[in-house]
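J.: Please find one structure pasted underneath; my questions will follow.
The values are calculated or read from the model by the stated rules, or taken from the named source; none is laboratory data. The model shown is predicted, which means the values in this text are computed figures rather than measured ones. Please note: Cβ atoms are built from the backbone with ideal geometry, for glycine as well, and neighbour counts cover all protein chains shown. These accessible areas exclude ligands, DNA and RNA; they are computed on the full protein's heavy atoms, side chains included. Shrake-Rupley method; radii C 1.70, N 1.55, O 1.52, S 1.80 Å.
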Amino acid sequence: MDVVIVEDPSAVAAYAADRIAGVVRRRAGAVLGVATGSSPLGIYAALAELVRAGQLDTSRVSAFALDEYVGLDPAHPESYHSVIANMVTEPLGLDPERVHVPDGIASDLDAACADYERRIRAAGGVDLQLLGIGANGHIGFNEPTSSFASRTRIKTLAPQTRADNARFFATEAEVPVHCVTQGLGTILQARQLLLVAQGEQKAEAIARMIEGPLASVCPATALQLHRDATVVIDRAAASRLELADYYAYVQEQLPSGGAQ
Ligand code: GLP
């Protein structure tokens, strides 16, 4: 795992946007895995700026979202269909036909989950999966004890996740109880993983993910199993890492061509 500690949230956004832009420049038809939540918003804004300036062509890029609430109308402003449309598809100039979000209102959710897996495979798999992390160590909506082999499926949101996400709704009671999320096994099949986090409130989860034992009770430790995973965090999110100086040293000593 590559651990990159930068000064502040704007440096996290700049680093991650540069990495994603590189993927798209190398492959015009790149397949991106996109995340919701607050953590990637600066990255999307930076990419949108490149597109506006004519420095990045996203017309052939495909995107797959990680997750969606179950039972929430896709037209609801906080459905991930809406969030991805407003924060990713429109500002980045993606073709809406190439942007996929799991179906949270299908009458047969299991069949819809299997279909989502098929769509990812049919697109040739994900080139780069962007991830945030929940305070409880979840990625996507893979809550603690999610199997490392899991595929897209229905999950019950942890009470802490519902409380964390209540800020997007009028009341906590309005936060759906269930979701559909790509599994940890699905996420691990992406060719590159890029996880970003900012702020002290993520420091504990970040320390567990990077330096804790591999354990599904902290689902983000799944990144330890991936051969090309990069974690980009600001100083506050890095504040509980015991080996922070070592990660900085590794970054300073990177041989040309990169290393992990
Ligand atoms: C959300 C999403 C995750 C996200 C995480 C952290 O509920 N399902 O994909 O990474 O929780 O969110 P935030 O970036 O707002 O802290």
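J.: Are any residues in the range 225-235 farther than 14 Å from R191 by Cα and either among the hydroxyl-bearing types (S, T, Y) or surrounded by fewer than 17 Cβ atoms within 10 Å (Cβ to Cβ) (or both), and if so, which ones? Reasoning before the result, please.
T.: We begin by selecting, within the range 225-235, every residue farther than 14 Å from R191 by Cα; these are 231-235.
Result: R235, single match.
J.: Tell me yes or no: at least one residue of the range 130-150 is more than 9 Å from the ligand (Cβ to nearest atom) and over 28 Å from R240 (Cα atoms).
T.: yes
J.: What's the total number of residues in the range 167-202 that are of a type outside the set (V, I, T) and part of a loop (DSSP other than H, G, I, E, B)? If you could, list the steps in order and put the result at the bottom.
T.: Initially, the range 167-202 is screened for residues of a type outside the set (V, I, T), giving 167-170, 172-174, 176, 178-179, 182-185, 188-195, 197-202.
Next, only the ones that are part of a loop (DSSP other than H, G, I, E, B) stay: 169-170, 176, 182-183, 189-191, 198-199.
Matching residues across the range 167-202 total 10.
J.: Of everything in the range 203-221 that's part of a helix (DSSP H, G or I) and out of contact with any Ser or Thr (no Cβ under 8 Å at 6 or more places or on another chain), which residue is farthest from D8 (Cα to Cα)? First the steps, then the outcome.
T.: Just the residues of the range 203-221 that are part of a helix (DSSP H, G or I), to begin with: 203-211, 219-221.
Narrowing the set further to residues that are out of contact with any Ser or Thr (no Cβ under 8 Å at 6 or more places or on another chain) leaves 204-207, 210-211, 220-221.
Details: E204: 17, A205: 18, I206: 16, A207: 18, I210: 19, E211: 21, A220: 22, T221: 23 Å.
Result: T221.
J.: Still on this structure: Among the residues of the range 82-133 satisfying the criterion of being hydroxyl-bearing (S, T, Y) and in a helix (DSSP H, G or I), which is farthest from A197 (Cα to Cα)?
T.: Filtering first and then ranking leaves Y116.
J.: May I pose another question? Identify the single condition in (1) surrounded by fewer than 21 Cβ atoms within 10 Å (Cβ to Cβ); (2) under 22 Å from A237 (Cα atoms); (3) of a type in the set (S, T, N, Q) that T171 does not satisfy, given that it satisfies every other one.
T.: All conditions pass for T171, except number (2).
J.: Looking at G199, G183, G212, which one is within 16 Å of the ligand (Cβ to nearest atom) and open to solvent by 10 Å² or more (accessible area, probe 1.4 Å)? Break it down stepwise before answering.
T.: On the way: G183 fails: open to solvent by 10 Å² or more (accessible area, probe 1.4 Å); G212 fails: within 16 Å of the ligand (Cβ to nearest atom).
Selected residue: G199, the only one of G199, G183, G212 that is within 16 Å of the ligand (Cβ to nearest atom) and open to solvent by 10 Å² or more (accessible area, probe 1.4 Å).
J.: Identify, by number, the condition in (1) within 30 Å of D57 (Cα to Cα); (2) crowded, with 19+ Cβ neighbours inside 10 Å that G93 doesn't meet.
T.: (2)
J.: Taking the residues in the range 16-36 that are surrounded by fewer than 19 Cβ atoms within 10 Å (Cβ to Cβ) and touching a residue at least 60 places away in the same chain (Cβ under 8 Å) as candidates, determine which candidate is farthest from the ligand (Cβ to nearest atom).
T.: Residue satisfying both the conditions and the ranking: R27.
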